[in-house]
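The values are calculated or read from the model by the stated rules, or taken from the named source; none is laboratory data. Quick caveat: nothing in here was measured; it's all calculated off a predicted structure. Every residue, glycine among them, receives a Cβ derived from its backbone with ideal geometry; neighbour counts consider all protein chains shown.
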Amino acid sequence: MNLSLDQSIIFDLWGVPINATIFYTWIVMILLTVASILITRNLRPDVPPNRWRTALEVIVQGIQGQIEEIAPGPSRHLLYYAGTLFLFVAVSNLLLVVPGFEPPTSSLSTTTALAFSVLIAVPLFGINSRGLGGYLKTYLEPSFIMLPFNIISEFSRGISLAIRLYGNIMSGAVIAAILLTVAPFFFPVVMDVLGLLTGMIQAYILAILATVYISSATAPPSDVQKEAP
């Protein structure tokens with residue numbers, strides 16, 4: 001058993017080795033893209049929604065409701081980003097029920113990339129909302145002495161996100177493999193159920209934390225001061 005999907009090479013593409021992490025990530029991306037196109041192809045007011053469109057609307061409205069509770073005000077930009085994070089991680093882990101599929105989120109490279117995207121998104125959203133000078137000023141609050149600590153805090157967020165997501169999902173896969181050798185008929189079913197539950201929780205936590213970080217970076221200075229203890 002490979003502890004990392006990065007060690008397993010599926011095929012070569014024009015001389016570039018494609019490992020299992022990239023391969024399974026492409027599968028999730030293709031499924032999400034195709035499903036979105038098929039569900040929304042007849043997205044018109046005169047066409048009654050089918051069950052797939054209704055399910056998608058329930059998911060989107062649920063994500064938007066959670067975002068609005070955390071970040072009051074315009075939240076469309078957060079919906080696109082946090083919703084994509086949630087759907088990618090959730091679908092990756094739901095596909096555990098497919099024999100032979102390994103979730104790309106069980107690879108540290110994937111979880112690091114997701115955390116890195118949050119690190120990049122936070123200043124981008126902050127600069128877009130406050131301007132470059134206004135956002136950089138937040139690193140000097142409440143005093144310029146806090147500059148190194150605020151910078152360290154930003155990077156520690158990304159590291160904690162990557163390790164948390166990787167640790168929870170990978171530990172479930174390792175435990176399931178161990179129990180499979182002990183009791184090959186009963187424990188795998190239980191562990192698959194627990195793995196799906198853990199994966200959904202981690203998808204929710206990742207999306208919520210990304211929303212909190214971005215909301216903090218884009219909040220008006222007056223709101224940040226009010227929230228400060």
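Within segment 1-57, the residues that satisfy the criterion of being of a type in the set (S, T, N, Q), assigned to a loop (DSSP other than H, G, I, E, B), under 26 Å from GLU102 (Cβ atoms) and without any contact (Cβ under 8 Å) to a residue 40 or more places away in the chain are ASN2, SER8.
Pairs meeting the criteria (first residue in segment 88-100 and at negative phi, second residue modelled with pLDDT under 80 and crowded, with 18+ Cβ neighbours inside 10 Å, beta carbons under 6 Å, at least 6 apart or on different chains) are ASN93/GLY199; LEU96/GLY195.
How many residues are small (Gly, Ala, Ser), farther than 16 Å from ILE214 by Cβ and either assigned to a helix (DSSP H, G or I) or touching an Asp or Glu at 6+ places or on another chain (Cβ under 6 Å) (or both) when one looks only at segment 128-151? Final tally of qualifying residues: 1.
You will find that of GLU102, GLU141, the residue that is modelled with pLDDT of 80 or more and of a type in the set (D, E, K, R) is GLU102 and no other.
Against the condition modelled with pLDDT of 85 or more and aliphatic (A, V, I, L, M), how does ALA71 come out, does it pass? Criteria not met by ALA71.
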